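Peer 1: Below: one structure in structure tokens.
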Amino acid sequence: MSRKVIDPHYQTSLSAGSHWSFKLRRGLALKITDELGGANVGMVLYSADNLLERYNAPDTLKCQHTFHLTQGHCLYSDMGHILASIIHDTVGGHETICGNSTRDSVRNAFGERDYQRDRNSWHQNGHDAFLVELAKYGLERRDLPANINWFSKCVIKKEGDIALTELASPPGSQITLRMDMDCIVLLHTCPHPLTVHTQYPETHVRIDLVDASPVTSDDACVNHCPENRRGFDNNYLYHLGSV
Amino acid sequence: MIKESFRETARAVGSTKVNAGDYYLATLNDGDTMRIVDLEGNQAADTLFYAAQDPTVHYSASNTIREQGNLYLTAGSELRSNENTVMLSIVADTCGRHDTLGGACSTESNTVRYDLEKRCMHACRDSWMLAICEHPEFGIRKRDITHNINFFMNVPVTPEGALTFEDGISAPGKYVEFTARMDVIVLISNCPQLNNPCNGYNPTPIQLLTWTQ
């Protein structure tokens with residue numbers, strides 16, 4: 001029986017330099033909107049059942065023969081499962097290889113992080129933001145895999161040179177993730193480590209949690225490639241016997 | 001970048017042959033140099049590094065790629081940690097390009113990439129699991145098994161963003177050499193993959209030579 005949802009179950013927003021983590025159950029969809037444009041949303045995911053199983057960028061990229069993440073792609077764990085699927089994307093490519101801004105990189109780009117002076121406008125960095133959230137689950141720096149940087153896109157030039165695409169995400173850009181396993185999601189809104197901004201960016205990211213439509217046999221993510229069909233077969237086995 | 005080594009094999013203090021499907025786990029001291037020789041060509045040496053003093057500090061593909069602004073590893077690449085410190089430098093390379101995007105094969109990813117019924121075939125991450133169980137003294141746990149280097153693997157990314165495992169550009173006798181910039185633990189799986197045409201479905205041995213400073 002399908003349930004039509006008009007209003008989201010939950011809605012909130014995050015300003016630049018924020019971090020947050022939460023558990024999302026299978027069947028929910030996480031919609032992230034870059035309201036002002038130019039945002040960067042760092043994200044890593046862990047299986048809520050087993051924190052040793054986590055998002056794996058290499059497996060995600062090679063299973064789908066892609067360097068960019070966009071609509072139709074799935075986010076794989078290191079254990080051959082699909083943690084989530086990208087069911088909607090207006091940007092057309094997000095990167096998962098450049099890692100995080102650090103205390104040093106943010107200081108060099110925008111000046112020292114100083115909460116005493118700047119309060120909520122402090123220059124938080126992506127690495128420290130993740131460390132804070134990791135520790136809440138008994139995790140630490142060793143547990144941080146390569147993250148996704150939503151709304152940030154890299155261009156590949158000759159001989160493998162990489163650069164960040166400027167203005168990849170116009171105002172109102174949106175991605176929607178369908179959760180295909182129960183996950184702990186860590187995210188931050190700190191600047192991309194290759195940011196070209198000269199001032200710490202002011203961004204506004206809206207989060208909506210809604211019901212996802214059930215996965216059907218004609219699902220675009222399932223049918224994106226034979227690998228994804230096998231990934232969903234692995235998820236089927238993983239959830240066998242659960243209600 | 002092709003750069004030949006000045007080191008003489010006769011002066012190497014250690015020499016170990018690692019067969020496909022086996023692992024190598026040992027410490028390389030600050031200033032010491034290791035060479036991996038692709039004895040028969042187009043093999044993949046799936047490699048991870050850890051700080052010997054604190055294995056929660058490990059090789060980071062992200063920091064390495066970002067700081068050098070390039071996807072591929074070769075002579076001159078500095079291999080960085082999750083703390084963004086330099087762990088090792090690649091000092092010689094007769095292959096010219098090495099991958100650090102593609103990760104290691106696992107029994108689980110084999111089911112996705114090839115066939116659900118390939119689940120019991122040997123894989124790099126299984127070699128690492130055996131290595132860390134047989135040698136708990138190194139302090140490396142499953143959570144520390146992260147994104148590795150595939151020495152001798154050719155995984156080009158096109159300008160359109162496609163990622164492919166191409167036939168190797170390595171050949172018999174080609175080698176890569178790196179010098180430790182801190183005391184590091186070297187963990188290598190000599191890849192047993194039988195399903196990928198990039199090694200001609202024929203995994204082969206590697207040779208590890210070491211020199212002290």
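The values are calculated or read from the model by the stated rules, or taken from the named source; none is laboratory data. What you see is a predicted model; the values in this text were computed from it and never measured. Don't worry about glycine lacking a Cβ; one is built from the backbone with ideal geometry, like all the others, and counts go over all protein chains shown.
Peer 1: Would you pick out the residues in region A:119-151 that are within 11 Å of chain B (Cβ to nearest Cβ) and part of a loop (DSSP other than H, G, I, E, B)?
Peer 2: Of everything in region A:119-151, those that are within 11 Å of chain B (Cβ to nearest Cβ) and part of a loop (DSSP other than H, G, I, E, B) turn out to be A:GLY138, A:LEU139, A:GLU140, A:LEU144, A:PRO145, A:ALA146, A:ASN147.
Peer 1: I'd like the full set of residues that are out of contact with any helix residue (DSSP H, G or I) (no Cβ under 8 Å at 6 or more places or on another chain), more than 14 Å from chain B (Cβ to nearest Cβ), surrounded by fewer than 21 Cβ atoms within 10 Å (Cβ to Cβ) and within 24 Å of A:THR165 (Cβ to Cβ), limited to region A:181-206.
Peer 2: A:PRO201, A:GLU202, A:HIS204, A:ARG206
Peer 1: OK, next. Yes or no: region B:8-31 includes at least one residue that is over 26 Å from B:ARG143 (Cα atoms), within 14 Å of another protein chain (Cβ to nearest Cβ) and modelled with pLDDT of 95 or more.
Peer 2: No: region B:8-31 contains no residue that is over 26 Å from B:ARG143 (Cα atoms), within 14 Å of another protein chain (Cβ to nearest Cβ) and modelled with pLDDT of 95 or more.
Peer 1: So which strands (runs of 3 or more DSSP E) stay within region B:53-135 end to end and still have 3 or more residues that are more than 16 Å from the chain's Cα centre (by Cα) and at the interface with chain A (Cβ under 10 Å from one of its Cβ atoms)? Walk me through how you get there before you give the answer.
Peer 2: Details: elements: B:54-58, B:78-80, B:86-93.
Here the list reads B:54-58.
Here is a yes/no grid of residues against (1) over 13 Å from the mean Cα position of the chain (by Cα); (2) under 27 Å from B:SER81 (Cα atoms); (3) part of a loop (DSSP other than H, G, I, E, B):
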| residue | (1), (2), (3) |
| --- | --- |
| A:ASP7 | yes, no, yes |
| A:SER21 | no, yes, no |
| A:ALA39 | no, yes, yes |
| A:ASN50 | yes, yes, yes |
| A:LEU75 | no, yes, no |
| A:MET79 | yes, yes, yes |
| A:SER85 | no, no, no |
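Peer 1: Given the residues B:ASN148, B:ASN202, B:ASN154, B:ASN190, which is the only one that is modelled with pLDDT under 95, surrounded by 20 or more Cβ atoms within 10 Å (Cβ to Cβ) and under 27 Å from A:HIS65 (Cα atoms)? Full working, then the answer.
Peer 2: Numbers: B:ASN148 fails: modelled with pLDDT under 95; B:ASN202 fails: surrounded by 20 or more Cβ atoms within 10 Å (Cβ to Cβ); B:ASN190 fails: modelled with pLDDT under 95.
Only one candidate passes the filter, namely B:ASN154.
Peer 1: While we're on this one: Report yes if A:ASP211 is without any contact (Cβ under 8 Å) to a residue 40 or more places away in the chain, over 21 Å from B:SER109 (Cα atoms) and not β-branched (Val, Ile, Thr), otherwise no. Can you show your working first?
Peer 2: Values: without any contact (Cβ under 8 Å) to a residue 40 or more places away in the chain: no; over 21 Å from B:SER109 (Cα atoms): yes; not β-branched (Val, Ile, Thr): yes.
Criteria not met by A:ASP211.
Peer 1: Still on this structure, I have one more. So, of the residues in region A:88-107 that are away from every other protein chain (no Cβ under 12 Å) and farther than 27 Å from B:GLY161 by Cβ, which turns out to be surrounded by the most Cβ atoms within 10 Å (Cβ to Cβ)? Outline the logic, then answer.
Peer 2: As a first pass, look at region A:88-107 and keep what is away from every other protein chain (no Cβ under 12 Å): A:88-91, A:106-107.
Within this subset, residues satisfying the condition of being farther than 27 Å from B:GLY161 by Cβ are A:106-107.
Values: A:VAL106: 26, A:ARG107: 15.
Per the stated criteria, the residue is A:VAL106.
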